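Asks: Starting off with a structure, shown below.
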């Protein structure tokens, strides 16, 4: 909507109010519409990104909008260019985060939306007066076409995409258990405070259910997913241990995280797992793996 209002304001200023001071007022209105739309985008992006941005993107947009109001006409182009570069940087951060935090169809749709937004931003830059006066109207028309195409792709993918709740997978983490082949709890981590009093008993019970189902189904492969009440239980296996994640949503990205955690745990503590004698102290350093996979 901000890009559309920007185009409308520029058209009105160029074709109907092309005499000062009204021309300048419409051009300023167009820039402000675009920048305030970016501020809304920044605010939403900062709520998704796990980085400590401290609303730097949103604040920079608000400051730039205020500067547009008081700045002369020859400086507005540079302010708009600065905001475009900030937007590209934010999109790169969002793209990297979405690639790490989603899988399958959701990741594909986010990739398409990001490409559409980038195309729209490039088209918006191509419509700048600098390119029109120095290169010609072809670049201006091509930029307008890219702007419309990018927005159309962005909107089409967004409307047809499944819910992107996978981006909030961290909010659904509850408990992480690691049990050795003998059924002993050797590592435990809680992501939120939930009333589970006997962690060893809870872990053993979940492991027992998994073993019972495996024996009943006469399958060599263990369970990957089990649902009990409000909790979803995800399993991952290695030669000497079983990793169990309690969560509230059974996202594929969480199952992938548990499998990767299991592999790293096996690689790091293979000798300790093979010769386990009851001492779980060495496994406390697995917190570094938890931080790397689930918290960063």
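Asks: Identify all residues within the stretch 258-280 that are part of a helix (DSSP H, G or I) and over 14 Å from residue 178 (Cβ atoms); write none if there are none.
Replies: Of everything in the stretch 258-280, those that are part of a helix (DSSP H, G or I) and over 14 Å from residue 178 (Cβ atoms) turn out to be 271, 274.
Asks: Do you know which residues across the stretch 29-52 are in contact with a helix residue (DSSP H, G or I) (Cβ under 6 Å, 6 or more places away or on another chain) and more than 21 Å from residue 117 (Cα to Cα)?
Replies: If the condition is that a residue be in contact with a helix residue (DSSP H, G or I) (Cβ under 6 Å, 6 or more places away or on another chain) and more than 21 Å from residue 117 (Cα to Cα), then 29 is the only one that fits.
Asks: Going through the stretch 237-254 one residue at a time, which ones are under 17 Å from residue 102 (Cβ atoms) and more than 17 Å from the chain's Cα centre (by Cα)?
Replies: 247, 250
Asks: Please work out if residue 151 is surrounded by 13 or more Cβ atoms within 10 Å (Cβ to Cβ) and either in the same structural domain as residue 277 (by TED's automatic domain parsing) or over 31 Å from the mean Cα position of the chain (by Cα) (or both).
Replies: When the stated conditions are applied, residue 151 does not pass them.
Asks: Among residues belonging to the stretch 1-26 that are crowded, with 16+ Cβ neighbours inside 10 Å and modelled with pLDDT of 85 or more, point out the one that is farthest from residue 85 (Cα to Cα).
Replies: Step by step, filter the stretch 1-26, then rank; the result is 12.
Asks: Sticking with this structure for a sec: Would it be correct to say that residue 55 is farther than 21 Å from residue 253 by Cβ, surrounded by fewer than 17 Cβ atoms within 10 Å (Cβ to Cβ) and modelled with pLDDT under 80?
Replies: no
Asks: A further question on this structure: Is it true that some residue in the stretch 268-291 is closer than 21 Å to residue 193 by Cβ and free of Cβ contacts under 8 Å to residues at least 60 places away in the same chain?
Replies: Yes: the stretch 268-291 contains one or more residues that are closer than 21 Å to residue 193 by Cβ and free of Cβ contacts under 8 Å to residues at least 60 places away in the same chain.
Asks: Which residue, of 201, 212, 226, is modelled with pLDDT of 70 or more, in a helix (DSSP H, G or I) and in the same structural domain as residue 290 (by TED's automatic domain parsing)?
Replies: One residue alone meets the criteria, 201.
Asks: Failed condition for residue 171, given (1) at pLDDT 80 or above; (2) within 30 Å of the chain's Cα centre (by Cα); (3) outside any helix (DSSP H, G or I), with all others met?
Replies: Here residue 171 meets the rest and fails (3).
Asks: Looking at the stretch 230-246, is at least one residue at pLDDT below 70 and part of a loop (DSSP other than H, G, I, E, B)?
Replies: No, because not a single residue in the stretch 230-246 is at pLDDT below 70 and part of a loop (DSSP other than H, G, I, E, B).
Asks: With the condition kept exactly as written, say whether any residue in the stretch 35-48 is surrounded by 13 or more Cβ atoms within 10 Å (Cβ to Cβ), under 23 Å from residue 123 (Cα atoms) and over 30 Å from the mean Cα position of the chain (by Cα).
Replies: No.
The values are calculated or read from the model by the stated rules, or taken from the named source; none is laboratory data. Bear in mind that the values here come from a model prediction, so they are computed numbers and not experimental data. Neighbour counts run over all protein chains shown; Cβ positions are idealised from the backbone, glycine included.
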